[in-house]
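Below: the structure, in structure tokens.
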Amino acid sequence: MFGPNPNNKEPMAGFPQVGYLKNFITNENIIVGDYTYYDDPDGPENFEKNVLYHFPFIGDKLIIGKFCAIAKDVKFIMNGANHKASGFSSYPFYIFGNGWEKAMPKEGDLPFKGDTEIGNDVWIGYDATIMPGVKIGHGAIVASKSVVTKNIAPYSVCGGNPAVHIKQRFEQTVIDELLRLEWWNWSPEKITANVDAIMGCDLSALQRAV
């Protein structure tokens with residue numbers, strides 16, 4: 001046996017609030033890697049309702065890597081939430097028509113921050129909010145109720161509103177080596193054989209496994 005099946009909606013028998021998220025996604029602009037889970041007592045099938053203002057005509061993507069842990073009520077604000085702020089009013093007159101459509105913004109007038117990208121092995125705590133276009137690096141941790149407005153470096157801990165850097169999880173040399181090893185891309189067999197080293201911070205063992 002080489003770990004749980006990533007295609008299983010309910011990987012913890014009798015505990016349906018935790019689900020491997022990729023198996024619940026219906027939106028083609030949300031991409032989730034293997035083993036990433038969403039923990040919600042109301043059911044992991046509710047995840048997509050927390051991806052807000054994600055309009056298909058905008059085309060931005062939410063990309064989440066493998067082995068991420070996402071707590072209940074984590075929200076992702078997408079680019080559709082943006083209003084034109086360079087005019088005298090930020091009110092979106094044009095969406096209501098009836099003569100107001102003539103104020104439709106021209107291409108490039110609305111802020112567009114690009115895709116939102118969450119790396120591999122990221123832990124996002126309860127009720128955190130991720131703003132449009134944010135990039136969160138591999139191995140990062142986002143504290144509960146944080147509002148993340150800027151990119152987060154790999155293997156760093158951030159928190160607050162707006163979220164700020166709190167600390168690095170490891171020395172930079174260790175972080176660089178973990179980014180080189182990319183254990184999350186190993187086969188299930190190789191991960192299973194080295195799971196003690198991954199959890200136990202045994203970098204030498206991971207290096208020998210390459």
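No lab work stands behind these numbers, since they all come straight from the coordinates. It should be emphasised that the depicted structure is a prediction, and the values quoted were computed from it without experimental measurement. Note that each Cβ is placed from the backbone with ideal geometry, even for glycine, and that neighbours are counted across all protein chains shown.
Each residue of segment 8-23 is assigned a 3J(HN,Hα), and the resulting list reads 8, 4, 10, x, 10, 4, x, 9, x, 6, 9, x, 5, 4, 4, 7 Hz, derived from the Karplus form 6.51 cos²θ - 1.76 cosθ + 1.60 (θ = phi - 60°), x at Gly and Pro.
For residue 163, the amide hydrogen comes within under 5 Å of the amide hydrogens of 147, 148, 149, counting only partners 5 or more places away or on other chains and with H modelled in the peptide plane.
Axis of helix 172-181 versus longest Cα principal axis of the chain: the two differ by about 90°, to the nearest ten degrees.
Per the Cauchy relation, a quarter of the hull surface: what is the mean projected area of the convex hull of the alpha carbons in the chain, in nm²? The partial results should precede the final answer.
On the way: hull surface 56.1 nm².
The Cα convex hull of the chain, projected and averaged over all directions, gives 14.0 nm².
Under 5 Å between amide hydrogens, built in the peptide plane, is the criterion, and for residue 144 it picks out 125, 126 among residues at least 5 positions away or on other chains. Among 76, 88, 24, the largest mean-square fluctuation in a Gaussian network model of the chain (Cα springs under 10 Å) belongs to 88. Centre-to-centre, using Cα atoms only, segment 1-59 and segment 110-142 are separated by 16 Å.
Excluding same-chain neighbours fewer than eight residues apart, the lysines reachable from residue 72 by a Cα-Cα span under 21 Å are 9, 22, 49, 61, 135, 145.
A Cβ-based charge dipole, computed about the Cα centre of the chain with Lys and Arg at +1 and Asp and Glu at -1, lands at about 500 debye. With both labels modelled 7 Å from their Cα along Cα-to-Cβ, the residue 168 to residue 102 distance reads 5.8 nm.
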